[in-house]
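**Q** Before I ask anything, here is the structure I am working with.
Read the figures in this text as sums done on the coordinates, not as results from a lab. From a predicted model like this one, the values you see are computed outputs, not experimental measurements. Cβ sites come from the backbone with ideal geometry, for glycine too, and all protein chains shown count toward neighbours.
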């Protein structure tokens, strides 16, 4: 796989502007910077997954970018780069039951806090993708942060690949829903499967159209 990183052509290098926030913090003497992001707010099924990543100072990348802008293959290559250049990675997960109980916004925030707490190194500063939170660490919440910070972009890739892996496993348990294709999002295929087979234990009961379907029963 490492050879694939070296040999694949046609992929853009990571935009140098993604390093701006980190470089400014390093210049101010900050040692450990954690990027934090989540994946899975929008899907009708599956958990919300957050990741926190502390990268080595000076680490550079070929493929790290906003996970939503990368193909599945590019995310795999980026994940290899991240693991090679990360000082610490933390992952937090909020289940479907938690999402339905406290709402997706709060669940996303709880998953992020959990990911931060899972880091083996306590960060000195947090760069977070558009999520204000109360925590005992200085932070900056950046709108569209996964397109502006390499640390947040790295966290977005870890969160996305972790969640996608989970949904691939769920596809084995519930093959008729096509989770391997849409990862729980409300595609035509997914909506048709819900109408035909009903919902599974990993569907979010507070999300439409599932909420309305349950009321009709």
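**Q** Going by alpha carbons, how many degrees (0 to 90, nearest 10) lie between the helix axis of 150-173 and the longest principal axis of the chain?
**A** 30 degrees
**Q** If I stretch the segment between residue 56 and residue 189 completely, what's the gain in nm (0.36 nm per residue apart, minus their alpha carbon distance), one decimal?
**A** 43.7 nm
**Q** Sticking with this one: Nearest-5 percent of antiparallel DSSP beta bridges in the chain? Don't jump to the answer; show the numbers that get you there.
**A** Values: 15 of 23 bridges.
The antiparallel fraction comes to roughly 65 percent.
**Q** Same structure, new question: Given N residues in segment 35-112, what is its alpha carbon radius of gyration divided by 2.2 N^0.38 Å?
**A** Taking N as the residue count of segment 35-112, the ratio is 1.21.
**Q** Just to check, using Stokes-Einstein with a Kirkwood Rh over alpha carbon pairs, what's the diffusion coefficient of segment 1-138 at 4 °C and 1.567 mPa s in µm²/s? Don't skip to the end; give the middle numbers.
**A** On the way: Rh = 16.0 Å.
Stokes-Einstein gives a translational diffusion coefficient of 81 µm²/s.
**Q** Need one number: nm distance between label points at residue 106 and residue 26, each 7 Å from Cα along Cα→Cβ, rounded to one decimal.
**A** Taking the simple label geometry, residue 106 and residue 26 are separated by 4.0 nm.
**Q** What is the spin-label model distance, in nm, from residue 122 to residue 135 if the labels are put 7 Å beyond Cα along the C-beta direction?
**A** Those two pseudo-labels are separated by 1.4 nm.
**Q** By per-residue mean of other Cβ atoms within 10 Å, what is the highest-first order of 101-108, 185-192, 72-79?
**A** Taking the mean over residues of other Cβ atoms within 10 Å, the ranking is 72-79, 101-108, 185-192.
**Q** Compute the acute angle (0 to 90°) between the alpha-carbon long axis of helix 72-85 and the principal axis of greatest extent of the alpha-carbon atoms of the chain; round to the nearest 10°.
**A** 40 degrees
**Q** Another question, if that's okay. Using C-alpha positions alone, give me the convex hull volume of segment 98-185 per residue in cubic angstrom. Spell out each step's value before the answer.
**A** On the way: hull volume 10.8 nm³, N = 88.
Residue-normalised Cα hull volume stands at 122 Å³.
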